[in-house]
1. Considering the dipole of the chain built from charges on the beta carbon (Lys and Arg +1, Asp and Glu -1) around the Cα centre, which of 237, 321, 340 is farthest to its positive end?
2. How high is the FRET efficiency between residue 20 and residue 195 when r is their beta carbon distance and R₀ equals 30 Å, given to the nearest 0.05?
3. In the chain, what percentage of the DSSP-assigned beta bridges are antiparallel, given to the nearest 5?
4. Along the charge dipole of the stretch 380-422, pointing to its positive end and built from +1/-1 on Cβ of Lys, Arg, Asp and Glu, which listed residue (400, 388, 417) has its Cα farthest out?
5. From zero outward in steps of 5 Å, how is the percent of C-alpha pairs of the stretch 76-172 spread across the bins?
6. Test of understanding: what is the full-extension gain from residue 412 to residue 75, defined as 0.36 nm times their sequence separation minus their Cα-Cα distance?
7. Ordering 276, 188, 424 by accessible area with a probe of 1.4 Å, largest first, what comes out?
8. Can you work out the Karplus-derived ³J(HN,Hα) for every residue in the stretch 253-267? Use 6.51 cos²θ - 1.76 cosθ + 1.60 with θ = phi - 60°, whole Hz, and x for glycine or proline.
Amino acid sequence: MNQTITPITSLDGFPRLSLAGFHEQFPDASVGQRRNPQPERCIDSTSGDERLIDGDDVRLLLITGNVSIDEAFLLGAPRDGWSHIAVDGDLHIAGRTSCEDYDSGMNRVYFVSGDLYVGSVNLTNMPSNTVAGHIVAHCAWLSADDDCAMRTAPELRVHARFLFAWFYSIDDLTICPDAVIFILGNGKYCADLRLPNPSFQWHEDIHVLDEPFVYIVQREGSDAPGWVAGAIEAALARGESIFRDGFDIACYPYHRAAQAQADADDQRAAYLLHKKTAAIAPGFYEAWLGMGDALFQVGAYRQARAAYRTAATLFPADQTGLVNLAFNYASLCALYLDQFDEAIAMANMSVAHNRDAEYENDTFGYAYRCRAEAYLLAGRVEQAFADLEEALRLDPHDSATQWLMGLVYHQRGDGEQARLFHAKASRYQTCFSAFYDVETGTAFLYDAPTEVDWDAVSLDTVRLPAGDEGC
């Protein structure tokens, strides 16, 4: 049966309610209060969500039924004798597409006893239980006032296609399981999310959202919010996708399962699940990078190099503040296959990608470390030395770079400096204890080159592990 929705074009004739009268009519509303005792939160979580409105300032206009109100009308309507509306039924806010406006229709809404339907909704300053039913939206937003601590989300039931949270814990939200979550905040909290939802944290969004919808990340450690809210809201209002070309959210269960298998060191299973992910979402950088990682871990460097090279082409070219890891790992693969010219070429591409970055980053040093070893093994010692100096300037504590610098000094006959850098490299990582009269490169850290037959497995037979079927 179709629900009748009445458009509201005039606010004349609706009854007024005092706050006392509201609580008498809606004794279970508890606007601004949490329903249940809350569990212990992450260590830096603070509660900043309750926008309690002073009773003296609340004069309610009661609207009964399932209604639709245009936001512009709600904002512009004369407020003679009322400050907020309370809706006993469902409320549809028409024309509401942006969360960035300082003044919004939601600022006029005190309580909805049913469901709230809105294009985009900012949950940041919405008190718990403002909406007794569900908030149904294209996208929902939580944005803290600073990045000093994780704020606590209000208790609301959110049925949104997308949820964007910046320095907010979302434990107290009831979120529909198919909502796609983008979250940036406390790293441990984000990493430990235990939700069935597709979830992308920190800067993973650049591989999922199309370029018009993400800002340029200045550096790997940047915790600035990265989402272009207005563009996202406008695209969703038009019914358009905000995903990158070649990305399909249907790949996510396989992506998550692949990561779990990699963590369990089952590289074959991880590879096949990453490959299944790439079959569904061929433009997803993380899937191809994961395929390369699984192959690299078992020494299948030739096969890993091909996966890394594909991944490298999928990294957003304008995100120069972040490292395209696929270039670096492809360089290592070529290095351990004794293909030094190609190793240098791949490292050159990594260096070039970050050359125009606004800020230097210690992670930039790894490309110089890769290229330096290729130079060194190719007999180009002075170029190797120059690259290692640059790598150490960018990242003075990288053990592999320190060990290689010791190797250069050893080859130059400077035993004192060789021992100094060897001691630095092996002080905290015993894998670098091998001295230079035994090893002449870092290949000893990894498996000998080999080939695997994993591609002989039909993807039709690749299944999700039990418990990962849905997300």
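1. Ranked along the dipole, the leading option is 340.
2. 0.15
3. Details: 4 of 52 bridges.
If I count the DSSP bridges inside the chain, around 10 percent turn out antiparallel.
4. The residue sitting farthest along the positive end of the dipole is 417.
5. Final binned percentages: 3, 13, 24, 25, 19, 10, 4, 2, 0.
6. Values: separation 337, 0.36 × 337 = 121.32 nm, distance 7.64 nm.
That pair, residue 412 and residue 75, stretches by 113.7 nm at full extension.
7. 188, 424, 276
8. x, 6, 4, 5, 5, 4, 4, 5, 5, 5, 4, 8, 6, 9, 5
The values are calculated or read from the model by the stated rules, or taken from the named source; none is laboratory data. Bear in mind that the values here come from a model prediction, so they are computed numbers and not experimental data. Methodologically, a virtual Cβ is constructed for each residue, glycine included, from the backbone with ideal geometry; neighbour enumeration extends over all protein chains shown. Calculation scope for accessible area: heavy atoms of the full protein, side chains included, ligands and nucleic acids excluded. Shrake-Rupley method; radii C 1.70, N 1.55, O 1.52, S 1.80 Å.
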